[in-house]
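Q: Let me begin by handing over the structure; questions about it come next.
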Amino acid sequence: MPQIVVQDITKTYTVGADVIPAVQNVSLAVEEGDFLSIVGHSGSGKTTLLSLIGGISSPTSGRILFEGKDLFALGSDELSEYRCSRVGFMFQFASLLPMLTVKENLLLPTCFRPGGGETGPGQREKKAEDLLRMVGLTEKINAYPSQLSGGQQRRVAIARAFMNGPALILADEPTGDLDEETEMDMMNFFRTMNKAEKITFIMVTHNTDIAKQTQRRLRMHRGLLQEQ
Amino acid sequence: MPDRFTLSSIAVHNLRRRPLRTGVLVAALTLMVAALVFALSFVTRVNESIRLTSERLGADLLVVPTGSRGAAEDILVENRATSFYMNKSILDRIKKVEGIDKVSYQTYLVTLTGLCCSVPSSMVVAFNQETDFIVTPWLKNKLGRKLKKGEAVVGSESAYNISLGLVEMEAKLFGNVFTMVGVLDKTGSGLDTAVFISDDNMQDILRNSDTKIKQDEISVIFAKLKKGVDAYTVMSEIENTMIEVDVVMRKDIGKSLLSSLGDISKIFYLTMVLSTSLSLFLVWAIFTAVANERTREIGIMRALGAKERHVVNLFLVEVLVLGAAGSIAGIAAGTSLSLLMAKSFSILKNLPVELGAFSRVLIGAAGLMFGTGICVLGALFPLQRLKKLEPLLVIKQE
């Protein structure tokens with residue numbers, strides 16, 4: 001059984017009298033451990049589709065099943081638990097909380113786990129430190145986001161997505177602010193996590209070179225999805 | 001290194017982000033709670049003084065000369081030295097009224113100043129030891145015998161004023177030397193500031209002083225009713241048949257004081273309503289601004305797995321920390337103000353009852369609940385809106 005099944009999903013936005021279709025009748029099946037990319041122009045609906053799969057936006061019609069469960073039949077708390085423990089988000093924009101340090105930003109998602117995320121004395125911190133080391137930011141552990149460059153902030157957000165041990169990573173232009181070398185490092189990091197932890201990756205990107213490094217490539221155009 | 005980062009840590013970080021705004025909100029709450037604590041302390045102290053005086057008086061009715069009802073309350077509730085007199089013959093007429101069980105009387109002599117040093121105005125109360133049921137129970141308890149001619153006992157507050165300890169001392173009262181033989185326990189009534197003598201001494205006082213009181217005059221008659229007799233019926237009977245007296249029922253003691261305090265109470269209540277409304281508006285306005293400011297952050301948290309209750313808890317911690325800080329400062333300010341005013345506000349200065357620790361704790365608890373309650377209430381509406389937002393929509397608002 002596929003890990004994710006998107007069934008005839010449609011999402012429209014209403015702006016005044018206009019109804020704008022962002023995603024139109026999209027269907028998709030993703031197996032556990034898949035690494036797929038979605039490319040397309042701005043406004044083609046890539047981010048909206050990612051948000052629907054991540055349960056941070058609700059569809060106008062259609063269903064999304066994750067491990068056989070219909071996401072939008074879940075209650076608000078269950079949907080939050082899904083986002084907290086099964087999904088790791090990498091947003092397209094700066095998403096760190098400005099009043100928290102790098103380490104605190106990493107610890108943030110663990111606060112939403114049942115029991116406040118405590119698995120053992122110092123375990124959360126150790127994991128945060130390990131992930132920061134993997135993205136090459138150990139020395140910035142106590143810095144605030146305003147003290148980091150755009151690329152460094154992006155890497156912190158990447159590390160944060162893995163904090164709760166997700167089964168699925170939804171990455172929206174995750175390497176957008178990174179230089180070529182760091183971009184390659186991050187892609188290697190993603191591949192390692194994909195292989196070692198069997199984490200499913202769905203990555204939205206403009207960059208066709210990045211997309212070519214993924215196992216399965218999809219293209220979105222005017223809300224419609226096509227396999228490449 | 002201990003693992004301490006929790007949602008409460010985020011709330012504390014948030015409070016530090018805008019120290020001026022946090023300070024303004026805490027200051028507003030402080031003022032509101034201080035006003036509440038001061039008003040409650042004032043009202044509680046007045047009511048407690050009246051209740052205790054009425055309870056400890058031991059008489060069901062007080063009979064005073066016509067027009068002296070307020071003056072009698074001045075003495076009993078507010079410790080004010082004052083005098084009023086009526087003919088002693090009324091005592092016999094009161095005894096004959098149906099329903100009356102026992103009567104006694106007291107004569108008030110004003111004013112005692114400069115007893116041994118500089119002391120405030122006070123009262124000398126002459127009472128009849130054969131019939132008395134007001135002072136005697138306290139006297140028996142303390143002295144264990146009746147007062148002899150030339151002896152006096154002082155109320156607990158007078159003893160404090162004249163620095164009377166255990167050592168017997170002599171003092172000249174109305175041209176006669178009296179030996180102070182004891183100090184009465186605190187009764188919680190205005191009589192705590194008086195000096196008590198037996199009315200056997202009245203002849204000597206009239207002879208040796210220039211007091212204007214006549215020999216057959218007394219100030220007040222205390223009456224106890226027979227069991228089951230309605231006080232109102234007896235009061236009406238007395239007032240209808242004796243135009244020269246007014247009657248105060250035990251339960252009505254303090255009514256004239258309360259009525260004179262009516263306007264002050266209204267000002268207190270109005271101040272409370274205004275400061276509460278202002279604080280509520282301020283909390284609402286600030287938390288609406290906070291909610292707007294943090295919409296995107298909350299959206300990110302929701303996307304990272306925060307439940308609605310996490311958002312609520314985050315705000316509640318902030319609100320409760322603010323409310324508690326403002327309330328505690330307000331309780332301290334209000335209590336200090338009430339203590340300060342108790343020394344300089346003439347109404348409070350004369351009240352016999354000080355607020356006890358228990359009453360102060362209760363008033364403090366009321367202040368704390370009120371201060372934090374206003375904060376929670378003010379933050380409720382912005383919070384309701386915030387927790388229901390769809391994460392993607394608010395994240396995209398940039």
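Readers should treat all values here as calculations from the given coordinates under stated rules, not as data from a laboratory. Predicted model only: the values in this text are computed from it and were never measured. Every residue, glycine among them, receives a Cβ derived from its backbone with ideal geometry; neighbour counts consider all protein chains shown.
Q: In which sequence would A:Thr10, A:Thr138 go, from the one with the fewest C-beta neighbours within 10 Å to the one with the most?
A: Values: A:Thr10 16, A:Thr138 12.
Taking fewest neighbouring Cβ atoms as first place, the list is A:Thr138, A:Thr10.
Q: Right, here's the next one. Hey, what D do you get for the protein assembly as shown in µm²/s if you plug the Kirkwood alpha-carbon radius into Stokes-Einstein at 25 °C and 0.890 mPa s?
A: Roughly 79 µm²/s, to the nearest whole number.
Q: Right, here's the next one. Aspartates and glutamates near B:Lys388 by alpha-carbon distance under 18 Å, same-chain residues fewer than 8 away left out - which ones?
A: Filter leaves A:Asp77, A:Glu78, A:Glu81, B:Glu293, B:Glu297, B:Glu308.
Q: Cross-link candidates for B:Lys146: which aspartates and glutamates have Cα within less than 14 Å, leaving aside residues fewer than 8 places away along the same chain?
A: Of all the aspartates and glutamates, those that pass the test against B:Lys146 - Cα under 14 Å, at least 8 places apart if same chain - are B:Glu130, B:Asp132, B:Asp199, B:Asp200.
Q: Further question: Can you list the residues, at least 5 places off or on another chain, whose amide H is less than 5 Å from the amide H of A:Ile38, using H built in the peptide plane?
A: So A:Ile38 has HN proximity to A:Met203, A:Val204, A:Thr205, A:Leu218.
Q: Please give the contour-minus-distance gain from B:Arg18 to B:Lys212: 0.36 nm per residue of separation, less the Cα-Cα distance, rounded to one decimal in nm.
A: So the extension gain works out to 62.7 nm.
Q: Given only helices, namely DSSP H runs of n ≥ 4 each adding -39500 (n - 2.57), what is the per-residue ellipticity at 222 nm of chain A, to the nearest 500 deg cm²/dmol?
A: Mean residue ellipticity at 222 nm (helix-derived): -9500 deg cm²/dmol.
Q: Kindly write out, for the range B:317-327 in residue order, the coupling ³J(HN,Hα) from the Karplus curve 6.51 cos²θ - 1.76 cosθ + 1.60 (θ = phi - 60°), rounded to whole Hz, with x marking Gly and Pro.
A: 4, 4, 5, 5, 5, 4, x, 5, 4, x, 5
Q: A further question on this structure: I'd like the orientation of helix A:150-161 relative to chain A: the angle between its Cα long axis and the longest Cα principal axis, in ° from 0 to 90, rounded to 10.
A: For helix A:150-161, the angle is close to 80 degrees.
Q: Pull up the cross-link candidates among the lysines for B:Lys149, meaning alpha carbon to alpha carbon under 16 Å and not fewer than 8 places away within one chain.
A: Within the straight-line cut-off, B:Lys149 pairs with B:Lys172.
Q: Can I ask one more? Given contacts defined as C-alpha pairs under 8 Å and at least six residues apart, what's the relative contact order of the range A:128-198, whole-number percent?
A: The value is 34 percent.
Q: Once the mean 1/r over all distinct Cα pairs of the range A:84-200 is inverted, what Kirkwood radius in angstroms do you read off? Write out the running numbers ahead of the final one.
A: On the way: mean 1/r = 0.0706 Å⁻¹.
Result for the range A:84-200, one decimal place: 14.2 Å.
Q: Can you compute the FRET efficiency between A:Thr12 and B:Ser277 using 1/(1 + (r/R0)^6), with r the Cβ-Cβ distance and R0 = 41 Å? Round to the nearest 0.05.
A: 0.40
Q: Would you mind classifying chain A by shape? Square roots of the alpha carbon gyration tensor eigenvalues, ordered a ≥ b ≥ c; an a/c under 1.5 is rounded, otherwise it is prolate if a/b is larger than b/c and oblate if not.
A: It is prolate, given that a/c is not under 1.5 and a/b is the larger ratio.
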